[in-house]
Amino acid sequence: MEMTASRRRDFDIAGAHIDDAYPTRGDGPERWPERWIDRADPVVWSDWTPDAPITQDQAAGFARDGFLVLHNLFAPREVEALVEAAAQLRAEGRDRAGDDVVTEPGSDAVRTIFRLEDHDALMARLARDRRLAGVAQFLLGDAVYIHQSRLNYKPGFSGKEFYWHSDFETWHAEDGMPRMRAVSASLLLTDNRAQNGALMLMPGSHRTFVSCVGATPEDNHKSSLKAQTVGTPSPESLTKLAEAHGITDAEGPAGTLILFDCNTMHGSNGNITPFPRSNAFFVYNAVSNAVTEPFAAATPRPEWLARRGTPEPLEVATGALA
Ligand code: 6CS
Ligand code: FE
């Protein structure tokens, strides 16, 4: 099927017809105004049973809000080992300065490092842990793999904001993720408070897909990971969503786990406090939802941003990390 530069509608791959349930990033306001599309996918893809890795209330809360904050899942020594591994990765990242190391706008302070499980054994073990991957399998009702992972540092004094966005809108448009069957797990490695740029989420916003205006520029990720502009809702939409759903600060001490649906509207403020805000972030995608061709970009993003090809299901591990 012919793919136009900025967007693709329905298309066939190896005989399987894939339709675009969430068209976005049209060519311009006159031809493609911003629109709200009702979510066409379940939020929790499994029925709860007593052997589920989260309680029935937690599962219901995730379905209702599109996120769940879990405290005290990790022992202090596990958190210490992860903080140490993150510091090591950051030091190496500074020296490595590869494409998969993103710095803060206007400085060389490390903002994000990608593909944690490829660079550190403890992060690879964390990625498979039942408290993350096991919960993701339950929520997504399928075997899972890591679509993307990253260490987010929001340094003290200079950490910049992440503007409001739906991750799925980007993963659908630029990576080719067909449906809303992915969940992010953010493990806090420092205390995250509203004052130092903790994640803000709009509870319930995951049920609305905001189809954004504006075609995807070439190599968009080279700027969007520093400051995202394309694929973000208008101030009018964000106002309506915030008025309807409110805004929750996902705060907690190091070791807190935030799970959020791929389409929950979220963002975070800058950090001018002396206290860094850091988290290890794993995106779990259902094996049956493996990425295809981008739905609204001329070329797919690099592998360090989105795992491509036939996914290898993760084998869930139990027991202490360290
Ligand atoms: O573009 C992405 O894939 C990343 N960007 C943001 C701001 N959140 C999701 C994801 O890690
Ligand atoms: Fe995000």
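Values as computed for the structure displayed
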| read-out | value |
| --- | --- |
| Those residues of the stretch 199-219 which are open to solvent by 30 Å² or more (accessible area, probe 1.4 Å), farther than 19 Å from residue 242 by Cβ and in contact (Cβ under 8 Å) with a residue 24 or more places away in the chain, in sequence order | 213, 215, 218 |
| The stretch 300-311, residues that are surrounded by 17 or more Cβ atoms within 10 Å (Cβ to Cβ) and under 15 Å from residue 112 (Cβ atoms) | 301, 304, 305, 306 |
| Residue pairs meeting the criteria (Cβ under 7 Å; at least 6 apart or on separate chains; first over 27 Å from residue 276 (Cα atoms), in the stretch 161-173; second at pLDDT below 95 and within 9 Å of ligand 1 (Cβ to nearest atom)) | 169/231; 173/231 |
| Residue 224 being within 14 Å of the chain's Cα centre (by Cα) and open to solvent by 10 Å² or more (accessible area, probe 1.4 Å) | yes |
| Strands (runs of 3 or more DSSP E) wholly inside the stretch 231-322 containing at least 2 residues that are under 19 Å from residue 145 (Cα atoms) | 257-261, 277-286 |
| Strands (runs of 3 or more DSSP E) completely within the stretch 1-99 that count 1 or more residues being surrounded by 14 or more Cβ atoms within 10 Å (Cβ to Cβ) and at pLDDT 90 or above | 35-38, 67-70 |
| Top-ranked residue in the stretch 169-183 [being within 13 Å of ligand 2 (Cβ to nearest atom) and of a type in the set (A, V, I, L, M, F, W, C); ranked as surrounded by the most Cβ atoms within 10 Å (Cβ to Cβ)] | 183 |
| Per-region count, the stretch 159-188, residues in contact with an Asp or Glu (Cβ under 6 Å, 6 or more places away or on another chain) and not hydrophobic (A, V, I, L, M, F, W, C) | 3 |
| Residues satisfying the stated conditions in the stretch 275-299, i.e. open to solvent by 50 Å² or more (accessible area, probe 1.4 Å) and either within 16 Å of ligand 1 (Cβ to nearest atom) or within 25 Å of residue 69 (Cα to Cα) (or both) | 275, 276, 299 |
| Filter result for residue 247 (within 16 Å of ligand 2 (Cβ to nearest atom), surrounded by fewer than 21 Cβ atoms within 10 Å (Cβ to Cβ) and modelled with pLDDT of 95 or more) | yes |
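The values are calculated or read from the model by the stated rules, or taken from the named source; none is laboratory data. All values derive from a computational prediction rather than experimental measurement. Please note: Cβ atoms are built from the backbone with ideal geometry, for glycine as well, and neighbour counts cover all protein chains shown. With ligands, DNA and RNA removed, areas are computed over all heavy atoms of the protein, side chains included. Shrake-Rupley method; radii C 1.70, N 1.55, O 1.52, S 1.80 Å.
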